[in-house]
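Below is one structure; the comments refer to it alone.
The values are calculated or read from the model by the stated rules, or taken from the named source; none is laboratory data. Model, not experiment: these values are computed from the prediction. Because the Cβ atoms are built from the backbone with ideal geometry, glycine has one as well, and the counts that use them run over all protein chains shown. Areas reflect the complete protein model, heavy atoms only, side chains present, ligands, DNA and RNA absent. Shrake-Rupley method; radii C 1.70, N 1.55, O 1.52, S 1.80 Å.
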Amino acid sequence: MPMFQPELETLPRPQLKALQDQRLREQVELVYERVPFYRRHFEERGLKPSDIRRVEDLPKLPFTRKQDLRETYPFGLFAVPRQELARIHASSGTTGKPTVVGYTRGDLEVFAEVVARSLAAAGGQPGMMLHNAYGYGLFTGGLGLHGGAERLGMTVIPVSGGMTERQITLIQDLQPEMIACTPSYAQTLADAFKKRGVSPEQISLQYAVLGAEPWTEAIRKSVEEGLGVKATNIYGLSEIIGPGVSNEDVAEREGLSYLWEDHFYPEVVDPETGDPLPDGEVGVLVLTTLTKKALPLLRYWTGDLTSITREPGPSGRTHARMAQIRGRADDMLIIRGVNVYPTQIEAVLLEVPEVAPHYQITVTRPEILDEVELKLEVAETFYEQYGEEALRSDLGQRVAHKIKENVGVSLAVTLIPPGTAPRSEGGKLKRVADLRKP
Ligand code: ADP
């Protein structure tokens, strides 16, 4: 796929590294001068800005965490006066009180640029139409994708999330080539088309760029088949900029996303000790902004679990690639002592053709032991063939057995009819309910 900024995206690594080091020095000067929180970090460790000259020096500094943004809410970590802000967004608050983030005009330029790169990697081209079903508003998804698509030269349909019937009609009438939304909402739309009797070949969409929540190959397959698209993963978080921190290339689609390293420097660290991990090992992604002016963040602890590789990818881009997010460190369930991520369970479902990747996990502790129930939809074809019998088949035990073998956790599977597990109405979908007392 044609790149949006080929020169920057394929910058030879020594030059990319030199650019990162130079930008890091500027970013460090900025926070030291303007953000008391960071100056304190330096002073407490007897460090001067000149001690952080290269990206390798970053581990001398502590992490910045979401808690730090909450404690300095709303503007405590900002490096510019309020008057210089062009826009405010907030994180969606999936894990607690929202945090406020801000952008200068220049930051919005960078935001548009990294999203434009991401959309181009996802298959977008100037002149194409993007159906943008990410939520508009405080959430960074809607306006973030919007700005990037305009920057790339696409036509945007700013439909936002929700009102599924209207979305279907718009897609049928306007014939967009690309859609952006959460993967769970893409599933909802695919179901809605099917209900209307519209087959994937009749849907104009060719590409889907999906993100904002963890997803797996099982969901990719169901969306690609259901909408007749090639689906790529877009990743980001409001604190760092929003969506567009990284994106897969549509020709690759094997779970590795190019992370735009000239703007965001990645580290992967051990979730327990915080020690840097070598490339290829899974840990918490920690990001340092290199060009942000309103809210520069050093070593921001994303809480997202992934690994990175700095081997150049098949597309010719030289930027690091990150694996699909396995979940947030906060999403990890400890079930009878075993660490489990919902995405691990979901990955097992892909191997069972009689079930659909629509489910809900409920964890309880009725007495002393944890109990897990997996409510799982059977695949439509299977249900059509066997009706209610499908729900009473030994399929549930087979799935439970497979999960026990692959993930190491015992759970009870309840099979449910197609269309009865919770669906996304447009935003992020919560598939896990942990009802144990803290
Ligand atoms: P909140 O933390 O309140 O959900 P954001 O809207 O900023 O706020 O969401 C950012 C988070 O969403 C990321 O830290 C990550 O956990 C999740 N996320 C975003 N994109 C993806 C993706 N492609 N895959 C998995 N998780 C993602």
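Here are a few things to note about the model shown:
Each row is one residue, and each column tells you yes or no for (1) more than 22 Å from the chain's Cα centre (by Cα); (2) β-branched (Val, Ile, Thr); (3) surrounded by 21 or more Cβ atoms within 10 Å (Cβ to Cβ); (4) farther than 18 Å from Ser246 by Cα.
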| residue | (1), (2), (3), (4) |
| --- | --- |
| Val268 | no, yes, yes, no |
| Gly274 | no, no, no, yes |
| Asp279 | no, no, no, no |
| Val286 | no, yes, yes, no |
| Gly303 | no, no, no, no |
| Ser307 | no, no, no, no |
| His319 | no, no, yes, no |
| Asp330 | no, no, no, yes |
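- Candidates Glu201, Glu224, filtered to the one that is more than 13 Å from the ligand (Cβ to nearest atom), at pLDDT 95 or above, under 28 Å from Pro266 (Cβ atoms) and not assigned by TED's automatic domain parsing to the domain that holds Lys428: Glu224
- Gly123 falls short on exactly one of the conditions (1) open to solvent by less than 40 Å² (accessible area, probe 1.4 Å); (2) out of contact with any Cys (no Cβ under 9 Å at 6 or more places or on another chain); (3) more than 13 Å from the ligand (Cβ to nearest atom); (4) closer than 24 Å to Tyr359 by Cβ, and that condition is (4).
- Selection status of Val355, open to solvent by less than 30 Å² (accessible area, probe 1.4 Å) and outside the structural domain of Ile241 (by TED's automatic domain parsing): yes
- Only one entry of Pro81, Pro12, Pro36 meets the criterion of being open to solvent by 40 Å² or more (accessible area, probe 1.4 Å), in contact with a Gly (Cβ under 9 Å, 6 or more places away or on another chain) and more than 13 Å from Pro296 (Cβ to Cβ), and that entry is Pro36.
- Selection within segment 46-71: residues that are within 16 Å of the ligand (Cβ to nearest atom) and open to solvent by 20 Å² or more (accessible area, probe 1.4 Å). The member of this set that is farthest from Tyr300 (Cα to Cα) is Arg70.
- Condition met for Tyr258 (open to solvent by 20 Å² or more (accessible area, probe 1.4 Å) and either closer than 30 Å to Arg65 by Cα or assigned to a strand (DSSP E or B) (or both)): no
- Looking across segment 201-211, the residues that are more than 16 Å from the chain's Cα centre (by Cα), open to solvent by less than 40 Å² (accessible area, probe 1.4 Å) and of a type outside the set (A, V, I, L, M) come down to Ser204, Tyr207.
- Taken across segment 308-316, residues that are within 15 Å of the ligand (Cβ to nearest atom), modelled with pLDDT of 95 or more, touching a Leu at 6+ places or on another chain (Cβ under 9 Å) and not in a helix (DSSP H, G or I) do occur, with at least one present.
- Some residue of segment 259-266 being within 29 Å of Val100 (Cβ to Cβ), within 16 Å of the ligand (Cβ to nearest atom) and in contact with a helix residue (DSSP H, G or I) (Cβ under 6 Å, 6 or more places away or on another chain): yes
- Residue within segment 378-396 that is in contact (Cβ under 8 Å) with a residue 40 or more places away in the chain and farther than 24 Å from Leu305 by Cβ present: yes
- Qualifying residue in segment 237-249 (condition: at pLDDT below 95, at positive phi and open to solvent by less than 20 Å² (accessible area, probe 1.4 Å)): no
- Glu43 being open to solvent by 50 Å² or more (accessible area, probe 1.4 Å) and closer than 18 Å to Leu290 by Cα: no
- Filter pass, Leu138 being within 16 Å of the ligand (Cβ to nearest atom), in contact with a Leu (Cβ under 9 Å, 6 or more places away or on another chain) and touching a residue at least 24 places away in the same chain (Cβ under 8 Å): no
- Top-ranked residue of segment 212-221 - restricted to ones that are open to solvent by 30 Å² or more (accessible area, probe 1.4 Å) and touching a strand residue (DSSP E or B) at 6+ places or on another chain (Cβ under 9 Å), ranked as farthest from the ligand (Cβ to nearest atom): Lys221
- Restricting segment 376-396 to residues that are polar (S, T, N, Q) and within 18 Å of Leu349 (Cα to Cα), the residue that is least open to solvent (accessible area, probe 1.4 Å): Ser393
- Test set (1) under 21 Å from Pro183 (Cα atoms); (2) at pLDDT 95 or above - Tyr300 fails condition number: (1)
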